[in-house]
Amino acid sequence: MIQLIVGEKGKGKTKVLLDKVNTEVKTAHGSIVYLDKSTKHMYELNNKVRLIDVSGFDLASSGEFVGFIYGILSQDHDLEQMYLDSFLKISMTDEASANALLEKLAEIGEKFNVTFVISISVGVDALSEKFKENIIAEL
């Protein structure tokens, strides 16, 4: 499953994402991973959430990003939720290709029973109709 937090850059999506992960970790039965472009938010996350700084892995394409996601899933069979901040930047994609990548993540989520909560800097109009029902916050 995919949940989206959408809006223009600088509108407060990260704060919404951090609040959600810190609330969800209290009732989660499995593990939670938070992917970000830096470690800037390390001290804002509950210590039970695993923060991964994607910038240290030199990903060059969205295909490599998908492989990176599969690698995380292969190492953690109890993974319940994955939070992706600054989605376009960490996934090495752009607004035009975002819907295809979201579709791939939706397939991965269904297959491995993982919920992806994604902060993405696009307007609602940039999303395909399929994903508009997955918006949990619009800023």
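Laboratory data are not the source of any read-out in this text; all were calculated from the coordinates shown. Here the structure is a predicted model, which is why all the values come from computation and not from measurement. Here the Cβ is made from the backbone with ideal geometry for all residues, glycine too, and neighbour counts use every protein chain on show.
Some observations on this one:
- Here the relative contact order of the range 16-139, from alpha carbon pairs under 8 Å that lie six or more residues apart, stands at 27 percent.
- Cα-centred dipole magnitude for the chain, charges only on beta-carbon of K, R (+1) and D, E (-1), debye, nearest 20: 360
- Sequence-distant aspartates and glutamates (8 or more away, or on other chains) whose Cα lies within less than 19 Å of K132: E8, D85, D94, E95, E103, E107, E110
- With only the Cα atoms considered, the chain has a convex hull volume of 101 Å³ per residue.
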